[in-house]
Amino acid sequence: MNTQSLIDTSNKMVADGKGLLAIDESTGTCNERFEQAGIPQTEEMRRSYRDLIVSTPGISESISGMILFDETIRQRTGEGIPFAEALTQKGIIPGIKVDVGAKPLAGFPGEKVTEGLDGLRERLSNYFAMGARFAKWRAVLTIGREIPSRGCIQANADALARYAALCQETGLVPVVEPEVLMEGTHTLETCRVVTEQVLRCVFEELVAQRVLLEGLILKPNMVLPGLDCPIQESVDEVADATMHCLRRTVPAAVAGVAFLSGGQSGGLASARLNAMHLNHMARLPWAVGFSFGRAIQQPALSIWDGSPANSRAAQRALYHRAACNRAARFGEYTLQFESDAAQVLPPAIPEAVFAGVV
Ligand code: 13P
């Protein structure tokens, strides 16, 4: 294990106010999103969409790394360059999702455990050879009647820790993602208590598996009231609850925290990240960044709609959302960013950029 290179990569992933962009939707999830938008669900359309994202001019100003899916890391840009190589050329670190999904946990109705440990060592070294320098594994925890159970939290924490150890052995920075889902009627306080339990258990297991904390990125959920909870706290209250929860559970040695968006709107995710910086700047032991999927991609996907004529506008929307989140990391995001998108437009886009982008 090259400890220094793991630490260097981790630090680079959260440096300069930048963040990660998750474009690692599995084929099934990507197809679902295409179906909702009326876009044909073919391998070529998925490639074209990822090509549009990767080739967005200026995107590396706000994005330090992109998380790819197995299909994407084997595909090429319109110019014939493998996606991982195209990212590296732009100074963006290529990452790869390596879990194979959350499956029902035997004996625990309504709960899931994420699978993918079998053969993982070999898969990781193949991805490293393809250019990936970090990996992602997502565990999902549902809040409901008497869940998540201790058994489910433990099983997922075990898997996350074993995955993280294997990543570091291979030279990949593990992005450790225990996601407490937003779906439900639970209160913000319940989410705080559950997130605390989950993070405590995850770090116990990471330490037990001898994972280098300085060489990993934690990708947690924000502490939020359930989507169907009648009381929806303010942006500041969410930021406070999230920071209190993380300060109690995440060791200061961890290189960085990069939040998932989990289905929040782009604007709300930026506003909450901004409040964490504005209100807690003096007491953040780790870099606090983002690793958003939907909260950065959603407007771009709707605008693109599968049509080449919309590619430019879609790239502008993607650039804009990424820039909003970079501003949030400096506590400089305001509603003005949403009303006047012209403030954060990318540099002029040459027509040639669209060669090969459907
Ligand atoms: P969202 O930001 O859309 O939740 O996606 C992040 C992610 O990578 C989930 O694993």
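Cβ under 14 Å from Ala86's Cβ, Ala86 left aside: what net charge do those residues give with Lys, Arg +1 and Asp, Glu -1?
Numbers: positive: Arg47, Arg50, Arg74, Arg76, Lys90; negative: Asp51, Glu79, Glu85.
Result for the neighbourhood of Ala86: +2.
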Quick one: if you stick a label point 7 Å off each Cα along the C-beta vector at Arg247 and Asn126, how many nm between them? 4.5 nm
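Among DSSP beta bridges lying fully in the range 33-178, give the percent that are antiparallel, nearest 5. The partial results should precede the final answer.
Numbers: 5 of 18 bridges.
Rounded to the nearest five, the antiparallel share is 30 percent.
If you take the square roots of the eigenvalues of the alpha-carbon gyration tensor of the chain and sort them as a ≥ b ≥ c, do you get rounded (a/c under 1.5), prolate (a/b over b/c) or oblate? Write out the running numbers ahead of the final one.
Working: a/c = 1.45, a/b = 1.22, b/c = 1.18.
Rounded.
Ile231 to Thr3: extension gain in nm, 0.36 nm per residue of separation minus the Cα-Cα distance?
77.6 nm
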Taking a ≥ b ≥ c as the square roots of the eigenvalues of the Cα gyration tensor, with a/c under 1.5 meaning rounded and otherwise prolate when a/b exceeds b/c and oblate if not, the range 206-262 is prolate
Can you give the extra length, in nm with one decimal, that the chain gains between Arg145 and Leu117 once fully stretched, where that is 0.36 nm per residue apart less the Cα-Cα distance? 7.2 nm
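Can you give the extra length, in nm with one decimal, that the chain gains between Glu32 and Arg76 once fully stretched, where that is 0.36 nm per residue apart less the Cα-Cα distance? Let's see the in-between values first.
Details: separation 44, 0.36 × 44 = 15.84 nm, distance 2.25 nm.
13.6 nm is the gain from fully extending Glu32 to Arg76.
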Hey, can you rank 113-119, 240-246, 73-79, 131-137 by average C-beta count inside 10 Å, highest first? 131-137, 240-246, 73-79, 113-119
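How big is the equivalent ellipsoid of the range 243-307 along its three axes, where each semi-axis is √(5λ) from the Cα gyration tensor, reported in whole Å from largest to smallest? Mind showing how you got there, number by number?
Details: eigenvalues 162, 29, 15 Å².
After diagonalising the Cα gyration tensor, the semi-axes are 28, 12, 9 Å.
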Taking a label point 7 Å from the Cα of Thr185 along Cα-to-Cβ, the residues of the range 128-162 whose backbone nitrogen sits under 14 Å from it are 144-146
Neighbourhood charge, 14 Å Cβ-Cβ cut-off, centred on Ser265 and excluding it, Lys, Arg +1 and Asp, Glu -1: +2
How charged is the neighbourhood of Asn325? Take every other residue with its Cβ under 13 Å from the Cβ of Asn325, and add Lys/Arg as +1 and Asp/Glu as -1. +2
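Since every read-out is calculated from the coordinates, none of them should be taken as a lab result. Being a predicted model, the structure only gives us computed values, none of them experimental. Positions of Cβ are generated from backbone atoms using ideal geometry, with glycine treated the same way; all protein chains shown enter the neighbour counts.
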